[in-house]
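Structure first, then comments.
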Amino acid sequence: MSTKLINHALSTPNLLPETIGEALLLLSAAPAGPALGFLQGDGKRWTSDIEVRRTYIDLLQGAGLYPELKGFCEDEVDQGADDWKVVKGWIDGHLGVLQSDPSTMYFGIDDFLICRESIKLLQAKLDKRFSNRNFALGSIYLSANLPNDFESGIPSAREQCTRYFDQYGRKNACFTDIQSYVAILSKEDQTQFLQGIATKSNTNEVPFSSVLI
């Protein structure tokens, strides 16, 4: 009964929430389908709120709506959003489009080239904001999650980790930020990464081995 009431409230114009508090309350109890439909329609105006925005990103990704996820997060980035959830959703949207459409990988060379250029353009946009930690982390996340057989021409995850260390190595959060990414590198890449940052570190910084799980 409660689900029916929530569905009715989200689909009836004179019962729609009038405040962000009401919207959040309904979304917290609504099933994914009706919640997503609401945020794609009358509830779209509430996505400017950070909590609703994050809920919307989760719902789009959960439904596999990658083009919509990519477009929504890109609009948020263009409007100045500085939120890891948005940056990650932006990248996940690109990766989801790439991985969910077999034609981009196997059928047409034109489709492949378009997809590759899209990924390269994404990396270029991340590069422009590299001085912002969320976008710098996004560069690592993108490289770490690209399919192994996708020739994108962007730096490897190891190179991105080194680049991140060069920029943020003296910040306390640096090793925590990159720990999970370094841990999934090959043993050879881990060794090269640790050797590469050894000359840039001093004895007062976190031991190199702490970036590994």
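Look through Leu69, Leu59 and report the one residue that is touching a Gly at 6+ places or on another chain (Cβ under 8 Å), assigned to a helix (DSSP H, G or I) and within 21 Å of Ser100 (Cβ to Cβ). Among Leu69, Leu59, only Leu69 is touching a Gly at 6+ places or on another chain (Cβ under 8 Å), assigned to a helix (DSSP H, G or I) and within 21 Å of Ser100 (Cβ to Cβ).
Here's the yes/no breakdown for (1) on the phi < 0 side of the Ramachandran plot; (2) modelled with pLDDT of 95 or more; (3) basic (Lys, Arg):
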| residue | (1), (2), (3) |
| --- | --- |
| Gly43 | yes, no, no |
| Leu59 | yes, yes, no |
| Gly62 | yes, yes, no |
| Glu68 | yes, yes, no |
| Val77 | yes, yes, no |
| Lys85 | yes, yes, yes |
| His94 | yes, no, no |
| Tyr106 | yes, no, no |
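Under the condition of being surrounded by 12 or more Cβ atoms within 10 Å (Cβ to Cβ), hydroxyl-bearing (Ser, Thr, Tyr) and within 10 Å of Arg158 (Cα to Cα), the residues counted in segment 173-190 number 1.
Restricting to segment 113-141, and then to whatever is within 25 Å of Arg158 (Cβ to Cβ) and at pLDDT below 85, can you tell me which residue is surrounded by the fewest Cβ atoms within 10 Å (Cβ to Cβ)? Per the stated criteria, the residue is Arg116.
Gly37 falls short on exactly one of the conditions (1) surrounded by 14 or more Cβ atoms within 10 Å (Cβ to Cβ); (2) under 21 Å from Arg129 (Cβ atoms); (3) of a type outside the set (Phe, Trp, Tyr); (4) modelled with pLDDT under 95, and that condition is (2).
Could you tell me which of the residues Thr55, Thr19 is modelled with pLDDT of 95 or more and among the hydroxyl-bearing types (Ser, Thr, Tyr)?
Selected residue: Thr55, the only one of Thr55, Thr19 that is modelled with pLDDT of 95 or more and among the hydroxyl-bearing types (Ser, Thr, Tyr).
The set of residues from segment 49-85 being under 11 Å from the mean Cα position of the chain (by Cα) and of a type in the set (Phe, Trp, Tyr) comprises just one member, Trp84.
Residues in segment 40-56 that are surrounded by 13 or more Cβ atoms within 10 Å (Cβ to Cβ) and not in a helix (DSSP H, G or I): Asp49 only.
When segment 115-142 is filtered for residues that are part of a helix (DSSP H, G or I), under 21 Å from Cys174 (Cα atoms), in contact (Cβ under 8 Å) with a residue 12 or more places away in the chain and over 12 Å from the mean Cα position of the chain (by Cα), the ones remaining, listed by number, are Gln123, Asp127, Arg133.
The values are calculated or read from the model by the stated rules, or taken from the named source; none is laboratory data. None of the values given here were measured: they were computed from a predicted structure. Glycine gets a Cβ as well: all are built from the backbone with ideal geometry, and neighbour counts include every protein chain shown.
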